[in-house]
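Novice: There's a structure below that I have some questions on.
The values are calculated or read from the model by the stated rules, or taken from the named source; none is laboratory data. All of these numbers come straight from a predicted model, not from anything done at the bench. Here Cβ is always computed from backbone atoms with ideal geometry, including for glycine, and neighbour counts include all displayed protein chains.
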Amino acid sequence: MASQPSSDVIEQRIFDVLAQVPDPEIPAVSIVDLGIVRGVSIDGDQAAVALTPTYSGCPATHAIELAARLALDEAGLEAVTIRTVLSPAWSTEMISAEGREKLRRYGIAPPVESGGPAECPRCGSRDTHEVSRFGSTPCKALWRCNSCSEPFDRFKCH
Ligand SMILES: [Zn+2]
């Protein structure tokens with residue numbers, strides 16, 4: 001038997017592959033950036049990826065699983081299984097610092113933990129207001145900045 005790569009190496013490889021999978025709704029960020037990839041577990045020669053959808057009613061959930069499956073298969077990781085984990089539920093706190101920065105650069109206000117007004121992704125002003133609970137997709141709300149009067153999407157999943 002050739003020596004098997006260590007589980008750390010496999011785990012890193014899986015994360016590297018999934019970091020290339022864009023979120024179907026916001027292609028600027030990957031499913032790793034958003035914290036949808038909950039973790040990778042290795043048990044002997046069996047590796048499993050845990051995915052947590054952004055919210056259970058999100059139509060992108062199935063698309064995310066399919067995209068992850070496809071990426072793993074293309075990387076020769078057909079044996080890796082994908083599990084959907086609903087508890088604990090996904091929250092915006094799981095978005096990585098890199099993910100938040102990417103969202104901002106993409107023109108989407110990252111979630112604010114305090115629940116206060118959104119920060120305008122263009123000028124940084126907090127003088128903003130919600131125009132509509134429903135933005136371009138179910139996961140986003142439409143906001144407008146009072147300072148630069150630009151409309152922008154705000155990520156609203158919880
Ligand atoms: Zn602004």
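Novice: Pick from segment 1-46 the residues that are among the polar types (S, T, N, Q) and assigned to a loop (DSSP other than H, G, I, E, B): which of them is modelled with the highest pLDDT? Steps first, please.
Specialist: Restricting attention to segment 1-46, the residues satisfying the condition of being among the polar types (S, T, N, Q) are 3-4, 6-7, 12, 20, 30, 41, 46.
If we keep only those that are assigned to a loop (DSSP other than H, G, I, E, B) as well, we get 3-4, 6, 20.
Working: SER3: 60, GLN4: 66, SER6: 82, GLN20: 96.
Residue satisfying both the conditions and the ranking: GLN20.
Novice: Against the definition (outside the structural domain of SER136 (by TED's automatic domain parsing), more than 14 Å from the chain's Cα centre (by Cα) and either among the aliphatic types (A, V, I, L, M) or part of a helix (DSSP H, G or I) (or both)), how does ALA67 come out, yes or no? If you could, list the steps in order and put the result at the bottom.
Specialist: On the way: outside the structural domain of SER136 (by TED's automatic domain parsing): yes; more than 14 Å from the chain's Cα centre (by Cα): no; either among the aliphatic types (A, V, I, L, M) or part of a helix (DSSP H, G or I) (or both): yes.
Judged against the criteria, ALA67 is not a match.
Novice: Right, something else. Before we move on, is SER132 among the small types (Gly, Ala, Ser), more than 16 Å from the ligand (Cβ to nearest atom) and over 30 Å from GLU11 (Cβ atoms)?
Specialist: Yes.
Novice: When you look at THR128, is it polar (S, T, N, Q), outside the structural domain of ILE31 (by TED's automatic domain parsing), modelled with pLDDT of 90 or more and surrounded by 19 or more Cβ atoms within 10 Å (Cβ to Cβ), yes or no?
Specialist: Working: polar (S, T, N, Q): yes; outside the structural domain of ILE31 (by TED's automatic domain parsing): yes; modelled with pLDDT of 90 or more: yes; surrounded by 19 or more Cβ atoms within 10 Å (Cβ to Cβ): yes.
When the stated conditions are applied, THR128 passes them.
Novice: All but one of (1) farther than 17 Å from PRO27 by Cα; (2) modelled with pLDDT of 85 or more; (3) in contact with a strand residue (DSSP E or B) (Cβ under 8 Å, 6 or more places away or on another chain) hold for PHE134; which doesn't?
Specialist: Unmet condition: (2).
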